[in-house]
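K.L.:
Got a structure here, written out as structure tokens. Questions coming.
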Amino acid sequence: MESGLSSLLSVSIDFETSHLFFPTIIHWVMAGLFVLILVTKVVPFLAAVKRGERTMPILGEPMDGFRFFGTLVLIVAYFYLMAVVGNLFPYTGYGFLFVSMAFVLLMSLMYMHEWTKKAVTIVVINAVVAPSLAWFILAKLFNITLP
């Protein structure tokens with residue numbers, strides 16, 4: 001009886017593969033959400049494009065080409081420049097910090113409808129504080145290596 005209970009209460013961990021458990025779950029959840037987005041948003045959008053409609057059925061508004069393509073360009077530039085700037089300051093996370101500040105600033109300014117002094121001030125403060133806080137927490141508190 002004792003050996004049966006002890007085998008139920010013992011835990012065996014395979015350290016060579018145990019770190020893959022949660023990432024695998026996250027990958028499957030993300031894959032499911034991706035399929036859900038494809039079915040509910042992208043398929044109707046592509047059908048509307050095929051019909052030649054000039055509005056996006058997802059939003060019901062005309063497409064803002066500047067913001068759409070500007071977002072794509074900024075995302076590509078963000079990842080490219082993070083590596084470039086990160087190589088200038090290796091193992092410090094400054095690539096992440098400086099490029100994230102510029103990215104948040106430019107994205108916020110691009111999507112801002114009214115450029116008032118107060119709104120721009122808030123955007124600038126957010127562009128400095130948010131990446132700095134993320135950098136401090138990840139790089140300094142958790143010792144996670146950032147580009």
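K.L.:
Rolling a 1.4 angstrom probe over the protein heavy atoms, how many square angstrom per residue are accessible across the chain?
P.N.:
Heavy-atom SASA per residue in the chain reads 79 Å².
K.L.:
With springs connecting C-alpha atoms under 10 Å apart, model the chain as a Gaussian network and identify which of GLY86, GLY65, GLY32 has the largest mean-square fluctuation.
P.N.:
GLY32
K.L.:
Right, something else. Please give the net charge around ILE125, taking every other residue with its beta carbon less than 13 angstrom from that of ILE125, where Lys and Arg add +1 and Asp and Glu add -1.
P.N.:
Around ILE125, the charge tally is +2.
K.L.:
Collect residues whose amide H, placed 1.01 Å from N in the peptide plane, falls under 5 Å from the amide H of MET63; neighbours closer than 5 in sequence don't count.
P.N.:
MET56
K.L.:
Helix-derived [θ] at 222 nm for the chain: sum -39500 (n - 2.57) over DSSP H runs of at least 4, divide by residue count, nearest 500?
P.N.:
-21500 deg cm²/dmol
K.L.:
Which one of TYR111, ALA127, THR92 is farthest out on the positive end of the charge dipole of the chain, using unit charges on Cβ (Lys, Arg +1; Asp, Glu -1) and the Cα centre as origin?
P.N.:
So the residue furthest toward the plus end is TYR111.
K.L.:
Can you tell me the 0 to 90 degree angle between the C-alpha axis of helix 65-88 and the longest principal axis of the chain, rounded to 10?
P.N.:
Taking Cα atoms only, the helix is inclined about 50 degrees.
K.L.:
Here is a further query. Pop out the carbon and sulfur fraction of the accessible area of the chain as a percent, whole number, probe 1.4 Å.
P.N.:
With neighbouring chains kept in place, the figure for the chain is 74 percent.
K.L.:
A further question on this structure: Test of understanding: given the chain, find the longest segment containing no chymotrypsin sites (Phe, Trp or Tyr not before Pro) that are in a DSSP loop and have at most 16 other Cβ atoms within 10 Å.
P.N.:
Of all site-free stretches, the longest is 16-90.
K.L.:
For LYS50, go through the lysines and keep the ones whose alpha-carbon is under 16 Å away, minus same-chain ones fewer than eight residues off.
P.N.:
The qualifying lysines are LYS41.
K.L.:
Rounding to the nearest 10 and keeping the result within 0 to 90°, find how far the Cα-based axis of helix 94-111 lies from the longest principal axis of the chain.
P.N.:
Tilt of helix 94-111: around 40 degrees.
The values are calculated or read from the model by the stated rules, or taken from the named source; none is laboratory data. Note that the structure is predicted; figures quoted are calculated from it, not measured. Here Cβ is always computed from backbone atoms with ideal geometry, including for glycine, and neighbour counts include all displayed protein chains. Areas reflect the complete protein model, heavy atoms only, side chains present, ligands, DNA and RNA absent. Shrake-Rupley method; radii C 1.70, N 1.55, O 1.52, S 1.80 Å.
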